[in-house]
1. May I ask for the distance between the Cα centers of the range 169-197 and the range 235-284, given as a whole number of Å?
2. Taking neighbour counts of Cβ atoms within 10 Å as a proxy for exposure, in what order, fewest first, do 20, 208 appear?
3. Can you give me the distance in nm between label points at residue 137 and residue 288, each placed 7 Å from the Cα along the Cα-to-Cβ direction?
4. Enumerate the amide H contacts of residue 178 below 5 Å, restricted to partners 5 or more residues apart or on another chain; note that Pro and chain-start residues carry no placed amide H.
5. Using just the C-alpha positions of the range 87-186 as equal point scatterers, what log10 of I(q)/I(0) does the Debye formula give at each q in 0.11, 0.19 1/Å?
6. Using DSSP to define loop residues, name the chymotrypsin sites (Phe, Trp or Tyr not before Pro) in the range 67-147 whose beta-carbon has at most 14 other beta-carbon atoms within 10 Å.
7. Grab the chain and count how many Lys pairs have their alpha-carbon atoms under 27 Å apart, sequence gap of 8 or more, or different chains.
8. Residues with beta-carbon under 12 Å from that of residue 270, excluding residue 270: net charge, scoring Lys, Arg +1 and Asp, Glu -1?
Amino acid sequence: MRSLSICVLGGTGFLGTRVTVRLLKEGHQVTVLSRDREQHKHLRVLPGLKLENCDVYDAAALGERLRGQDVAINLIGILNEPGFGGAGFRRAHTQLARTLVQAAGSANIARLLQISSLKAASDAPSYYLKTKGEAEKIIQAQKSELDWTILQPSVIFGPGDSFLNRFANLLGALPIVFPLAKPNARFQPVHVDNVVDAIVHCLQGGATSRKTYQLGGPEVFTLHEIVSLVAKIIGHHRLIIGLPDVLARVQALIMNFVPGRPFSSDNYRSLCVDSVCDRDGFAELNIKPQSLEPAARQFLGALEYNAQLSQYRKRSRSQS
């Protein structure tokens with residue numbers, strides 16, 4: 001594979017950091033765009049990486065940063081917006097896709113990889129899935145010579161994720177009973193490194209040109225099964241109670257106002273659509289995805305170890 005000049009939008013987060021490190025290891029020239037490069041010192045230590053400030057919503061500024069690049073990778077996405085009504089989602093997903101296509105055209109960039117979401121659609125029930133779907137349509141409908149590939153992963157897990165780790169933290173914070181909205185919602189969790197594999201595979205275009213790939217792991221789980229597995233791994237035994245939809249909506253409404261929004265009304269609406277593949281994109285890309293449990297045990301192991309220490313301390317105090 002020839003060395004490419006690659007510009008990564010959203011390269012400072014959970015997925016973006018893994019993508020950036022892998023691209024550098026593969027010998028590519030990588031530029032990551034950020035609102036404030038000083039906040040991402042974990043990337044500044046990577047040899048060969050260019051970390052540059054840029055307002056990615058400014059078409060002229062973005063076009064200037066894209067000039068001379070072979071590939072742009074858009075990883076930007078939000079799971080919750082600062083306010084309500086969908087404006088935050090439209091800006092982060094729909095508006096950005098429109099700006100990116102415009103900037104790529106002015107910079108004469110040849111290739112774009114868009115990381116979307118499984119079940120993204122313009123008629124989806126949540127702002128998250130709806131605006132992700134709108135972004136896909138903008139990219140697919142553009143009239144320039146820009147070549148693209150869209151990847152639609154199910155929920156992504158791995159070290160430092162905001163999925164399994166979030167449930168682990170919530171399980172630790174709630175004693176005895178864990179109330180769970182949409183317990184029968186279905187997911188096909190995909191390991192972050194397998195998503196990175198897919199991105200690397202699609203860099204050059206070729207057979208992946210102007211195609212969309214659904215990315216899911218080898219197993220399908222209900223949300224109840226996932227939370228139960230996390231509880232088992234970290235040693236927090238909780239009674240997990242599935243909430244009826246009425247109570248789940250109330251829970252989501254209340255959580256809208258909890259700092260950090262661990263759950264929201266838009267998250268609830270996303271859970272109404274099963275995040276399960278209709279097509280096996282990994283098979284099409286000749287990639288074998290990792291199973292959830294053995295991988296989760298590796299990065300949740302520290303939490304499991306801490307839980308065991310807590311149990312030992314309790315036993316010691318009770319015997320003294």
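None of the figures in this text is laboratory data; all of them are computed from the coordinates on show. Note that this is a predicted model, so its numbers are computed, not measured. Here Cβ is always computed from backbone atoms with ideal geometry, including for glycine, and neighbour counts include all displayed protein chains.
1. Taking the Cα centre of each part, the range 169-197 and the range 235-284 sit 8 Å apart.
2. 208, 20
3. With each label point 7 Å from Cα toward Cβ, the separation is 4.0 nm.
4. 239, 240, 241
5. -0.46, -0.98
6. 84
7. 25
8. My count for the surroundings of residue 270 gives +3.
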